[in-house]
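The values are calculated or read from the model by the stated rules, or taken from the named source; none is laboratory data. Quick caveat, the model's predicted, so the values are computed rather than measured. Note that we place each Cβ from the backbone using ideal geometry, even for glycine, and neighbour counts take in every protein chain shown. To get the accessible areas, we keep the full protein, side chains included, count just its heavy atoms, and leave off ligands, DNA and RNA. Shrake-Rupley method; radii C 1.70, N 1.55, O 1.52, S 1.80 Å.
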Amino acid sequence: MKSCGVSLSVAAARRLSAAADEEKKMAAGKASEPEEDAPRLSAQESDALARVDSSLFGDQRLQEDGASMKALLVKAVRCYEALILKAEGKVDPEFFCQLGHFNLLLEEYPKALSAYQRYYSLQSDYWKNAAFLYGLGMVYFHYSAFQWAIKAFQEVLYIDPGFSRAKEIHLRLGLMFKVNTDYESSLKVRPEDSACSLTKRYRAAKEAYESLLQTEDLPAQVKAATFQQLGWMHHTVEQLGDKANKDSYAIQCLQKSLEADPNSGQSWYFLGRCYSSIGKVQDAFISYRQSIDKSEASADTWCSIGVLYQQQNQPMDALQAYICAVQLDHSHAAAWMDLGTLYESCNQPQDAIKCYINATRSKACSNTPALAARIKYLQAQFCNLQHNSLQSKSKMLPSIEEAWSLPIPAELTSRQGVQSTGQQVRPDRHTRGHSLSCSAQLLEQLRANRTSLKPLQLQMLEQLEAQLSDMHQQQMRQNSSGQIRASLPNGPSLPAHPVPRAPSCSAPPLANGPLPPSVGNNHTPGTRANGDVPYLHPNTLPHNCTSPGDTRKSQHLTSAQGLQKGLGSLWAGPNGDRTLSSSASADGGPHNQVGLSATTPSEPAVNHLSSPSLQRLLAHLVPIAPLRRAGRLFKILFYSAEITFFFMCNVTLIYRNLGKNGLSSSSILLNKCPPPRLPPPPSPPLAKDKLNPPTPSIYLENKRDAFFPPLHQFCTNPSNPVTVIRGLAGALKLDLGLFSTKTLVEANPEHLVEVRTQLCQPADENWDASGQRKQWRCESSRSYTTIAKYAQYQAASFQESLREENEKKGQKELSDSEMTSSETVSRRHKGPFKQVKFGTNIDVSDEKKWKLQLQELSKLPAFARVVSAGNLLSHVGHSILGMNTVQLFMKVPGSRTPGHQEHNNFCAVNINIGPGDCEWFAVPEPYWGVMSEFCEKNNINFLKGSWWPNLEDLYEASVPVYRFIQRPGDLVWLNTGTVHWGQAIGWCNNIWWNVGPLTAYQYKLAVERYEWNKLQSVKSMVPMVHLSWNMARNIKVSDHKLFEMIKFCLLRTLKQCQTVKEALVAAGKETIWHRRSRDEPAHYCSICEVEVFNLLFVTSESYSRKSCVVQCQDCARKASSDLDGFVVLQQYRMEDLMQVYDQFSLVSRFI
């Protein structure tokens, strides 16, 4: 709402000018008093400042004025501060808002935050000021307070979708969602920036980098960073040309980067990756070696070294390199997988199993199912081997426990422990031997070609000669002291006995056999957070290590910690985060690894760009005209090669004639309501003995009981979040056999079934796959099958369960003396969990295919039927699959329906067909805000994510939980907005649909969720505007509250349609009459997924093909401000809509 922001600026400037004039008059009468002249703004300066607000942050228009604009802003800040100080803070709140804008543009973030917070506390309707919300969001973003920045930016888009910096907001939202590992929201936040336009954006990024390199007197570090990013982008982005040309150009850029900054270990690492990808092994070794020497030793570098050693058939050297990698980063999934591959190739399956298990425990592991299958295969293979044959075979490599105790090179420990204490340890020969195992060969080759070496190779030769001299001196001292060492034929010499070293944050791996694998959460790898490493033992950790409990806290960004991590992700190369898979890497090796590894703020600052501070980079610029130069670099920095957006200058001014009251034009909330917010938990908190309330249950004996009116009233009473109607099938004589698996197979065996593969766990718990840690995230994978095939699986699962039960009866329990150590360990944890397949979302809406089944459901009482006059969803006018149609679920024990609220907070009906039971959990609607906050803390999207609540967390937060068993024939009624989740106890089928009672409570919560979805950029499955107009046409309303809410929705949309129509006429844009067809679905914007009513903005291309790709007005005008390339279709005549509005009236209850 820039119009609002500008008007406020003008008003504040005028008041300031008037105050300055008044001050002059007062000062004239007090000339005798010695007083320092306060700064005053001229009329011209006030007019210039009236056009300045937060939306100019980083804008090129502001940069063009350079130092003059900065001087004016500094003067304005002094003037405002003096006036506020003189008035003792009793000034118009808009002064604080403008002061915040000025300080933001000057990048005085603490002052900007203070001024914004003051405005927030003084201005009750602050939420109407889009410029304020945007400025506040920018300050939060600067401090990496992403949780608050996201909320501020979302409110900007909600109250003013056409805000001038909307594209930048979308970019920043995408980056923050990415850092928070909400990848689905990150990709969806700007759908128009789809993969089809990535090529143009990559090329635009390339041109921007190359343009920056043409700048005169460019600082060396900025030049090195630009060449580095340009080179790495060419190495990894397929859209930039064929592989040979890309790699050649990438190597050239990285070499130029090293010429500008020879001490950048990250550039050396990237150069090694490029050499490795084209088969130049020796050059790759040299580059990796240089990367380590520049104090940039990272897990990624050592993992790459291990790959090269493994390719050269040097397994011992590869082993040590991988060990270095996982000791630096315990959660480095790629290194663990490569290490497991190495052990497997050396016929050591037990060690390979342990490595694969540790890979699955990493949150970066993206191919957990494949690893789990491999682990299972190796475990079976290992168990089948004869014990004697194992003893007779000599191991080619040390076991994982033995390898873990080998000394780590000093280069790796110096940055972690030694550097923090200020001491410098001179590495011994055995600690440096690993990284120099091929140095002798390289040294000879470099010496032989000394005359033709390049400058970088000459530098490498000098360093190798110096290091070789040091090694000879150390060896002579060791020989004189009589130290005896063993030498391995396959690489560096190793000590005959483990050499004591300084305590580190890791202990040796467990030696008692493989542990069950775990499911990774796809967290951003390379962040150095150890996570839940299996080797950390609290009792053995030194004082400077992070305990397992603390590591979980470290995964959540604080305002101080998140800054480097957030900005570091912008430098994460074209692929941003590391993506791990079981396929070969770009280097041709068996691993897939990251281009950059980020560094946590707790580590010492190092000279590379894996997680740079934006302010630190800007500090290297020439101080003259800082705004101009900083703005240009700021533009380049935000060319994240994974997204590569332009968002600086080419922002089209958007049409904003709507939403003048501070709400978006499509809002159907009351005029004076702020954007929707999470509700606070009910107060006072419930006592501990009331957190497990009994579930309301009603037992039916006959048909009369089922149709008794008080039953409907009881179920829809807001005080009853959930109701179980027992014996419904028997009372109504429902033929549940029509929904049995046998009948379904006979009726439609090839009908499509969505399958969710899950882990079978106790119903009241949710563990990771290893069984070591409780979590909220509920993982599953999707596939599809048919009813017939799932029926076979359901039957086979039942038979397998019977067989296992019989085997258990025949077995004797092991005594304590017979229990091995590995069994003892396995009993400390849950699991391992077997996988189950859940057949879900089976559509049974086709009356031709499922005629008998749907007819049977007509026996239900009217309030619970799929279709009835009193059901709001029956008035939508088209099918919404799973809501006003029936869905079927086919289950085996352990099948889970994760936590959620129904779409738009509608009620739900669920009938258990049997023969097994289901267990349910439910939380009342007033606590949904608490549930959403729990999901946010666990980095899960409440609306779109898959989660299973931890009951201990809920009880600690005083959240009541209803828990009950649904038996065959029982109907569960979920009231409006109830949060629920459930799990099958036995083998059963369930049927499900939604119902909308004709009550003010139901309509109110549906509208609130409709607006909340809009704020969160989530599509509302129920088109509430379309539904409201149909209700006005079809039903008579006697509830005064419900009538007022529907009437207001009609008025708002009617006003919107009229305003848009007038604006189109004024702009000379004609509308095309396009009457709605029967059963035509409601329309949603193909870009932002908001509902579009009556006036449809359709691209001319799709209209010519009669496919009609609809957009909302805001998205259409973002694509073309004058709507070129769009046609506007009108589905209702304004006269008809006004007639419906006039005829919709309140009806007396007693008529």
- Query: Between their Cα atoms, which of LYS849/LYS891; LYS167/LYS1019; LYS1041/LYS1069; LYS188/LYS789 are more than 28 Å away from each other?
  - Reply: LYS1041/LYS1069; LYS188/LYS789
- Item | Descending Cα extents along the principal axes, the range 976-1055, whole Å | 53, 31, 18
- Item | the range 684-808, relative contact order in percent, only Cα pairs under 8 angstrom and at least six apart counted | 20
- Message: Ranking request for peptides 860-868, 743-751, 284-292, 803-811: highest mean number of other beta-carbon atoms within 10 Å first, then the rest in descending order.
- Response: 284-292, 860-868, 743-751, 803-811
- Values of log10 I(q)/I(0), in the order q = 0.09 Å⁻¹, for the range 237-361 under a Debye, Cα-only, solvent-free model: -0.28
- Write down the Kirkwood hydrodynamic radius of the range 1072-1145, to one decimal in angstroms, obtained as one divided by the mean of 1/r over all alpha carbon pairs. 13.2
- Radius, Kirkwood style, for the range 907-1005 when every pair of distinct Cα atoms is counted (Å): 14.7
- Item | the range 249-289, Cα convex hull volume normalised per residue, Å³ | 51
- Query: Given a 1.4 Å probe, how much area per residue of the range 929-1031 is accessible, in Å²?
  - Reply: 25
- Message: Taking 26 Å as the cut-off for C-alpha to C-alpha distance, list the pairs among LYS111/LYS1014; LYS111/LYS944; LYS742/LYS848; LYS837/LYS1014 that go past it.
- Response: LYS111/LYS1014; LYS111/LYS944; LYS837/LYS1014
- Message: Give me the one-decimal nm value for the distance between modelled label points at CYS383 and GLU746, 7 Å along each residue's Cα-to-Cβ direction.
- Response: 4.0
- By how many nm would the segment from GLU1070 to SER399 grow when fully extended, if each residue of separation counts as 0.36 nm and the alpha-carbon distance is taken off? 233.8 nm
- How many nm separate the modelled label positions at ALA370 and ALA788, each set 7 Å beyond the Cα in the direction of the Cβ? 3.2
- Task: May I ask you to list the trypsin sites (Lys or Arg not before Pro) in the range 1047-1151 that are in a DSSP loop and have at most 11 other Cβ atoms within 10 Å of their Cβ?
- Result: ARG1075, ARG1078, ARG1105, LYS1106, ARG1149
- Label model pair ILE965, GLU919: point-to-point distance (7 angstrom along the Cα→beta-carbon line) in nm is 1.0
- Message: Taking 41 Å as R0, compute the FRET efficiency from the Cβ-Cβ separation of ASP217 and ALA43 and round it to 0.05.
- Response: 0.60
- Message: Tell me which of GLN117, LEU106, CYS79 sits at the most positive position along the dipole axis of the range 71-127, charges placed on C-beta atoms (Lys, Arg +1; Asp, Glu -1).
- Response: CYS79
- By the gyration tensor of its Cα atoms, with a ≥ b ≥ c the square roots of the eigenvalues, what is the shape of the range 57-147: rounded for a/c under 1.5, prolate for a/b over b/c, or oblate? oblate
- Task: In whole Å, largest first, what are the principal axis extents of the Cα atoms in the range 85-225?
- Result: 54, 40, 26
- Query: Rounded, prolate or oblate: which fits the range 680-782, taking a ≥ b ≥ c as square roots of the Cα gyration tensor eigenvalues, rounded meaning a/c under 1.5, else prolate when a/b beats b/c?
  - Reply: oblate
- Per-selection metrics, the range 899-945 (Cα): Rg and Dmax in Å: 13.3, 38
- Sorted by packing (mean other beta-carbon atoms within 10 Å per residue), highest first, where do 120-128, 145-153, 677-685 land? 145-153, 120-128, 677-685
- What does the charge add up to near ARG777, with Lys and Arg as +1, Asp and Glu as -1, over the other residues with Cβ less than 12 Å from its Cβ? +1
- Item | When each of LYS178/LYS363; LYS688/LYS1004; LYS178/LYS223 is checked by Cα-Cα distance, pairs over 24 Å | LYS688/LYS1004; LYS178/LYS223
- Is the shape of the range 849-894 rounded, prolate or oblate, going by the alpha carbon gyration tensor and its root eigenvalues a ≥ b ≥ c, with a/c under 1.5 for rounded and a/b larger than b/c for prolate? prolate
- Can you pull out the GluC sites (Glu not before Pro) in the range 1023-1096 that DSSP calls coil and that have at most 15 other Cβ atoms within 10 Å? GLU1070
- Message: Could you work out how much longer the chain between ASN692 and TYR183 gets when fully extended? Use 0.36 nm per residue separation minus the Cα distance between them, nm to one decimal.
- Response: 179.7 nm
